[in-house]
Amino acid sequence: MLLLAFAGIYTVVTAPLLHWETFWQFLFQRLILDGVRLTLVLTVAAMVIGITLGVVLAVMRLSPNPVMSAVSWFYIWFFRGTPVLVQIFFWFNVAIILPYVGVGIPFTHFGISVSTNVLIPAVVAAIFGLGFNEAAYMAEIVRAGIISVEHGQTEAAQALGMTRLQVMRRIVLPQAMRVIIPPTGNETISMLKTTSLAFVASVPELFTRADQIANSNFRYVELLFVASFWYLLMTSILTVGQFYMERYYARGAQRELTPTPFQRLRRLLFTFHVPGPT
Amino acid sequence: MVKAEAVHKSFGRLEVLRGIDLEVNPKEVMCIIGPSGSGKSTFLRCINHLEKIDAGRLSVDGELVGYRDRGDKLYELPDSEVCKKRSEIGMVFQSFNLFPHMTALDNIIEAPMLVKKESRATAEARARRLLDRVGLADKVDAYPKQLSGGQQQRVAIARALAMEPKLMLFDEPTSALDPELVGDVLDVMRGLAEDGMTMVVVTHEMGFAREVGDSLVFMDAGIIVEAGNPREVLSNPRHERTKAFLSKVL
């Protein structure tokens, strides 16, 4: 197996028509680096919307108020049920059906309105599309986390006089984090790559930039390698971040924290057997 | 302090409380005993509105719990007012229910700071006094997982006391403990009783009921079968059902 994988990689890397110098030439090129930056901006913005809205939706979904719960259910049903590509494209083209958005007093001429194209430029369209879609998935992840916290915790907090929201914010959600973090890390990593769909809105993120350059020099595979290199680097950094987040929220759940890879290495290297008294 | 009149409670078609009448006076320690499923825990949880009652009236310190009296109809109170009432009633659970993501100290200061808007300094000073009182002054920074069951339950008692309640409810506080840890928890409760705290204790500790309790209630199948002075009820039960129950546990 290992041999087969090695042979495959070797064949691709030494392919006769693959220009490695093109790869190196564009790896740190300014246009590419700008694309990397925009990809990060899109990821962070979409995840912030996704997580914030997701928490609100999850709490609404579990609310005893049937209207709240139904609104949340409908949102999740709709945004999870349509492709994210369609949603990005929708926000990008919404100006066609609604050229102006504004607030005003009904049946009067008072009010202000703004051109939709000014209000939602391509980058914002991509962030809306990605973020609102993500919120639907995050809502389910957060809900699973909240349900995983033992009911006795809620009762103990209520018995002390805390309101529903205080119980949620201070007691239930911090404990739910342990269950919420791993899939959220997954979602963030997935989001980092899904931002390449912003391509349809001509947002100049990493993939769009690589594609544009390739369109001019026809070195498609080399530029895909350049893009892949950056995607891999960014997902690797996120994986490390996730480890430390999980460790932080494990407080109180385990008697001792899991050692970091560095601590493990140090223990391996610097643990000596102390000779006993003779 | 607590007044119950014809309190009824059902879970679906199962009638758990079938008309409970009782009164707890200030500074009284009332113990409730009975077989499991008799409704004693449910009744205790109705006192601070963790369970809603279906019929009857239940008041603490002269005010209805969870409802407002208007004419001859009862209206349910909004969450915020129920919370205010609950903050005056301390509760200790069988399974401790300490907040596992907080140290012993943080467990105790959380509610005073959040609900009563106390400053951290005030809340911490009281929390340290309370931990000292329950004999755990050295466990300030320990997480619940690092404490034994008995220690956890004593932190839980300190947490409830930090709200300076008028009334303390204990729901089988020693049932989940190893036998050798029961004593420490009962000692803390005895100290509380001596200081004049009004207490309602659901328990299987007949010794505690006899020595510390001012009154004893025996419940079975959702009604109060017998009530009175603990020594009399325990040594001279009048009812057949009380006799049968006591012969099994004593």
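Ordering B:84, B:248, B:166 from largest to smallest accessible area (1.4 angstrom probe), what's the sequence?
On the way: B:84 145, B:248 165, B:166 80 Å².
Largest accessible area first, the residues go B:248, B:84, B:166.
Before we go on, tell me the buried accessible area for the A/B pair, both chains summed, 1.4 Å probe, in Å² to the nearest 100. All intermediate terms of the calculation are to be shown ahead of the outcome.
On the way: alone 17940 and 12000 Å², together 27710 Å².
Approximately 2200 Å², summed over both chains.
Check the straight Cα-Cα distances from residue B:27 and name the lysines below 16 Å, setting aside those fewer than 8 residues away within the same chain.
B:3, B:166
Would you calculate the separation in nanometres between label points at residue B:148 and residue A:5, each defined as 7 Å from the Cα along the Cα-to-beta-carbon direction?
Those two pseudo-labels are separated by 5.1 nm.
Could you put A:140, B:5 in order of accessible surface area, largest first, with the 1.4 Å probe and the full protein assembly present?
Output order, biggest surface exposure first: B:5, A:140.
Using a 1.4 angstrom probe on protein heavy atoms only, which residues from the range A:224-251 are buried by at least 40 Å² of accessible area when all chains are present rather than their own chain alone?
Those are A:251, which lose 40 Å² or more relative to the chain on its own.
For chain A, which whole percent of the accessible surface, found with a 1.4 angstrom probe, sits on carbon and sulfur atoms? Mind showing how you got there, number by number?
On the way: 11930 of 16800 Å².
Solvent-exposed carbon and sulfur of chain A make up 71 percent of the total.
What does the accessible area per residue of chain A come to in Å², with a 1.4 Å probe and no ligands, DNA or RNA counted?
60
Given the options A:95, A:45, A:58, which has the most mean-square fluctuation in a GNM of chain A, springs set between C-alpha atoms less than 10 angstrom apart?
A:95
Please compute the modelled spin-label separation between residue A:233 and residue B:244, points set 7 Å along Cα→Cβ, answer in nm with one decimal.
8.0
Considering amide H positions built from the backbone, and no H for Pro or chain starts, which residues 5 or more places from residue A:100, or on another chain, come under 5 Å of its amide H?
So residue A:100 has HN proximity to A:116.
Running a GNM on chain B with Cα contacts under 10 Å, which residue among B:14, B:22, B:181 ends up with the highest mean-square fluctuation?
B:14
Add -39500 (n - 2.57) for each DSSP H run of 4 or more in chain B, then divide by its residues: what number comes out at 222 nm, to the nearest 500 deg cm²/dmol? Walk me through the intermediate numbers first.
Numbers: 9 runs with 94 residues, N = 250.
Value at 222 nm, helices only, nearest 500: -11000 deg cm²/dmol.
Of the heavy-atom accessible surface of the range B:197-250 (probe 1.4 angstrom), what whole percent is carbon and sulfur? Numbers along the way, then the final one.
On the way: 1180 of 2500 Å².
Percent of accessible area from carbon and sulfur atoms in the range B:197-250: 47.
List every DSSP H helix in chain A whose Cα atoms extend 18 Å or more along the helix's own long axis and whose mean Kyte-Doolittle hydropathy is at least 1.0. Walk me through the intermediate numbers first.
Details: long enough: A:30-61 (45 Å, 1.82); A:66-81 (22 Å, 0.86); A:84-97 (19 Å, 2.30); A:122-148 (39 Å, 1.34); A:173-194 (29 Å, 0.18); A:220-249 (43 Å, 0.81).
Flagged H segments are A:30-61, A:84-97, A:122-148.
Identify all aspartates and glutamates with a Cα-Cα distance to residue A:193 below 14 Å; exclude those on the same chain that are fewer than 8 residues away in sequence.
Output for residue A:193: A:134, A:205.
I'd like to check one number: the per residue accessible area of chain B, probe 1.4 Å, reported in Å² as a whole number. If you can, show how the numbers build up before the last one.
On the way: 10910 Å² over 250 residues.
For chain B, the per-residue accessible area is 44 Å².
Compute the relative contact order of chain A as a whole-number percentage, counting only Cα pairs closer than 8 Å that sit 6 or more residues apart in sequence.
On the way: 283 pairs, mean separation 69.4, N = 278.
Relative contact order, chain A: 25 percent.
For the protein assembly as shown, give the share of DSSP beta bridges that are antiparallel, in percent and rounded to the nearest 5; count only bridges with both residues there.
Here the antiparallel bridges make up roughly 60 percent for the protein assembly as shown.
Rounded if a/c is under 1.5, else prolate if a/b beats b/c, else oblate: with a ≥ b ≥ c from the C-alpha gyration tensor eigenvalues square-rooted, which is the range A:77-232? Please list the in-between numbers first.
Working: a/c = 3.52, a/b = 1.34, b/c = 2.63.
Here the range A:77-232 falls in the oblate category.
Run the quick spin-label model on residue B:76 and residue B:18: label points 7 Å from Cα toward the beta carbon, then report their separation in nm to one decimal.
Once both label points are built, they end up 2.6 nm from each other.
Tell me, what is the 1.4 Å probe accessible area of residue A:12, in Å² to the nearest 10?
Solvent-accessible area, nearest 10 Å²: 80 Å².
Compute a Gaussian network model of chain B, connecting alpha carbons closer than 10 Å, and tell me which residue from B:214, B:61, B:72 fluctuates the most.
Answer for the Gaussian network model of chain B: B:72.
Averaging sequence separations of C-alpha pairs under 8 Å and six or more residues apart, then dividing by the length of chain B, give the relative contact order as a whole percent. Don't skip to the end; give the middle numbers.
On the way: 453 pairs, mean separation 66.4, N = 250.
Computed over chain B, the figure is 27 percent.
Give the accessible area for residue B:101 in Å² (nearest 10); use a 1.4 Å probe, count only protein heavy atoms, and leave out ligands, DNA and RNA.
Residue B:101 has an accessible surface of roughly 30 Å² with all protein chains in place.
Compute, for residue A:94, the solvent-accessible surface of its heavy atoms (probe 1.4 Å) with the complete set of protein chains present, and express it in square angstrom to the nearest 10.
10
The values are calculated or read from the model by the stated rules, or taken from the named source; none is laboratory data. This structure is a prediction, so every number in the text was calculated from the model and none was measured. When we count neighbours, we look across all protein chains shown, and the Cβ atoms used for this are built from the backbone with ideal geometry, even at glycine. Heavy atoms of the whole protein, side chains included, go into the accessibility calculation; ligands, DNA and RNA do not. Shrake-Rupley method; radii C 1.70, N 1.55, O 1.52, S 1.80 Å.
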